[in-house]
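Worksheet for the structure shown next.
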Amino acid sequence: MVKIVHPVAGAAAIVTIASFWLSTALSEMFASPATIAAVKMAIPWGFLLLIPALMAAGGSGFVLAGKRRGGAIGAKIRRMPLIAANGILILIPSALYLAKARAGEFDSGFYAVQALELAAGAANITLLGLRMRDGLKMKGWFRYRPA
């Protein structure tokens with residue numbers, strides 16, 4: 001069961017974070033202020049999917065790793081504190097702060113936090129993508145095959 005939960009939860013987490021990032025970027029570039037406000041209000045509700053997915057992926061990953069800490073597993077384990085700290089210290093507070101957009105408060109503070117959130121979100125997507133790549137390598141999906 002753990003071998004199924006881990007990749008499904010990991011994929012759900014990265015897709016959720018990527019959808020937050022893309023919806024934010026696209027709404028800022030192409031949408032009305034009302035749409036931007038709707039996106040900013042919807043993202044905290046997405047935490048109801050994201051946080052359990054991250055917990056399930058992390059917990060099942062530690063179970064699958066067992067006592068091993070070297071190689072690709074070690075790299076995956078070393079990235080997790082960065083991902084968690086980024087999410088807890090920057091992304092969640094930013095999303096909650098930006099939810100104030102419902103009142104139409106698009107001031108300089110809003111845009112400064114928005115820029116920080118987009119940068120931190122891109123970093124987390126990158127780190128989660130590297131973890132996924134390492135997991136796929138361990139499963140043999142990315143092996144060199146001569147022509």
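Scanning region 95-108 for residues that are more than 16 Å from Thr35 (Cβ to Cβ), surrounded by fewer than 17 Cβ atoms within 10 Å (Cβ to Cβ) and in contact (Cβ under 8 Å) with a residue 12 or more places away in the chain yields Leu96, Tyr97. For first residues located in region 50-79 and part of a helix (DSSP H, G or I) and at pLDDT 85 or above, partners that are among the basic types (Lys, Arg) and open to solvent by less than 40 Å² (accessible area, probe 1.4 Å) and lie 6+ apart or on another chain with Cβ distances below 9 Å form the pairs Ala57/Arg131; Gly61/Lys76; Gly61/Arg131; Arg79/Arg131. Looking at region 64-77, is at least one residue touching a His at 6+ places or on another chain (Cβ under 8 Å) and open to solvent by 60 Å² or more (accessible area, probe 1.4 Å)? Checked against the condition, which is being touching a His at 6+ places or on another chain (Cβ under 8 Å) and open to solvent by 60 Å² or more (accessible area, probe 1.4 Å), region 64-77 yields at least one hit. If you go through region 82-124 and keep only what is in contact with a Pro (Cβ under 7 Å, 6 or more places away or on another chain) and either within 13 Å of Phe20 (Cβ to Cβ) or assigned to a helix (DSSP H, G or I) (or both), you end up with Ala95, Leu96, Ala99.
Going by the conditions given, is Met29 more than 21 Å from Pro7 (Cβ to Cβ), free of Cβ contacts under 8 Å to residues at least 40 places away in the same chain, part of a helix (DSSP H, G or I) and over 16 Å from the mean Cα position of the chain (by Cα)? When the stated conditions are applied, Met29 passes them. State whether the residues of region 113-133 include one that is closer than 15 Å to His6 by Cβ and open to solvent by 60 Å² or more (accessible area, probe 1.4 Å). Yes; the residues of region 113-133 include at least one that is closer than 15 Å to His6 by Cβ and open to solvent by 60 Å² or more (accessible area, probe 1.4 Å).
The values are calculated or read from the model by the stated rules, or taken from the named source; none is laboratory data. All values reported here derive from a predicted model rather than from experimental measurement. Neighbour counts are summed over all protein chains in view; Cβ atoms, including those assigned to glycine, are modelled from backbone coordinates with ideal geometry. In case anyone asks, the SASA skips ligands and DNA or RNA and just uses the protein heavy atoms, side chains included. Shrake-Rupley method; radii C 1.70, N 1.55, O 1.52, S 1.80 Å.
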